[in-house]
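Visitor: Questions regarding the structure given below will be posed in turn.
The values are calculated or read from the model by the stated rules, or taken from the named source; none is laboratory data. Please read these numbers as outputs of a predicted model, since none were measured by experiment. For neighbour counting, all protein chains shown are included, and Cβ atoms are generated from backbone atoms with ideal geometry for every residue, glycine included. These area figures cover heavy atoms from the full protein model, side chains too; ligands, DNA and RNA do not enter into them. Shrake-Rupley method; radii C 1.70, N 1.55, O 1.52, S 1.80 Å.
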Amino acid sequence: MIRAGLTMDGYPMKLTTTFVVSVFCLLTSAIAAAQSGVTPWVDIEIDNGLIFIDCEINGIKGKAMLDTGAEIHGINPAFLKKHDLKFKRGRKVKISGVFGVEDRKSYTKVPVKMFGVEVNLRDPVETNLGESGEVQMLIGAGFFHQFVVQFDYPNSRMRLYTRDAVNMKKYANIKTRKEDRFGAPLVKVNMNDEKDLWLTMDTGSNGGVLTERLIAEKAGWLDDYPGREEVHYGVNDSEQMWTFNVPKMTFGPFDLENAIVTVPAKGKKLELFKKEKSLGTLIAHGDSKSQGLLGFDVLKHFVITIDYRTGKVNINVPEA
């Protein structure tokens, strides 16, 4: 999950308006032609908990990562270097990840083919997506806000609904908060029938529950449950973390056993809840209401239907 900051001169970065509107219009036409206002299922690739689809940039085939928690669209500098591609530069943008803040380049116009649609992607920001360059780009929340999105994790597929095709107010079955204009929704989970957490639902996170160490300390989890030290990687940096299992987690109408929880190592903190006074940066992971991230290790069991505009969410299991 990534959020774009303000530009270096203090003006807000636009969220790829041309790309979003172009794809929205073409896909809406396709959905409207379908019988129930829903696209056919589209296969997705799930690798290490992250979601990928096929795409092309400048005619070169590769993959796009779908990160519903990201405020920006991103382009992989390793891909640009590998193919010696040069696009017109945009403004510099500050990017805040879980572990730190960094200046990044943006580009004004990049030719992209995705979902069978060819468009010019405006303002993608350089984002680390692997040294091989196979993953070309990241598609963020600006796209997903146009539809009701359904991810069938167990069957590795997704589809899109028009809002008039599904009543999410009626269909929602978990308490949520709408985080902000472009952020993923916050969902309420319960740990061990004793501790509620409001977590940002993030398809760009491949863990289970990521939260601050202080929350785990106050709940007594670090004393009660054995854990292990791990290195976790964010968009800008890596950090030592502590991972353990909580016996029970309630997620909407479902209970999960041995939920994985990750917190910073002793003496470390996340950028997750940091209050940034500078006008140069928007912090990456949610507002002050968010207590952490909810990622793939929980979501992988379910069919998740999300209206990012309203924050309404339905959690279910695949049909037999």
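Visitor: Do we have residue 212 as at pLDDT below 95, surrounded by fewer than 19 Cβ atoms within 10 Å (Cβ to Cβ) and closer than 15 Å to residue 292 by Cβ here?
Guide: yes
Visitor: Among the numbered criteria (1) open to solvent by 10 Å² or more (accessible area, probe 1.4 Å); (2) in contact with a Leu (Cβ under 7 Å, 6 or more places away or on another chain), which one does residue 127 miss?
Guide: All conditions are met except number (1).
Visitor: Mind checking which residues of the range 143-152 are open to solvent by 10 Å² or more (accessible area, probe 1.4 Å) and either aromatic (Phe, Trp, Tyr) or closer than 20 Å to residue 113 by Cβ (or both)?
Guide: Result: 146, single match.
Visitor: Name the helices (runs of 4 or more DSSP H) wholly within the range 73-173 that hold at least 3 residues that are at pLDDT 85 or above?
Guide: Filter on the range 73-173 gives 77-82, 168-171.
Visitor: Shifting gears a bit: Tell me, please, whether a residue that is at pLDDT 75 or above and either within 23 Å of residue 295 (Cβ to Cβ) or not in a loop (DSSP other than H, G, I, E, B) (or both) can be found in the range 25-39.
Guide: For the range 25-39, residues at pLDDT 75 or above and either within 23 Å of residue 295 (Cβ to Cβ) or not in a loop (DSSP other than H, G, I, E, B) (or both): present.
Visitor: Is it the case that residue 159 is in contact (Cβ under 8 Å) with a residue 60 or more places away in the chain, surrounded by fewer than 19 Cβ atoms within 10 Å (Cβ to Cβ) and of a type outside the set (Val, Ile, Thr)?
Guide: yes
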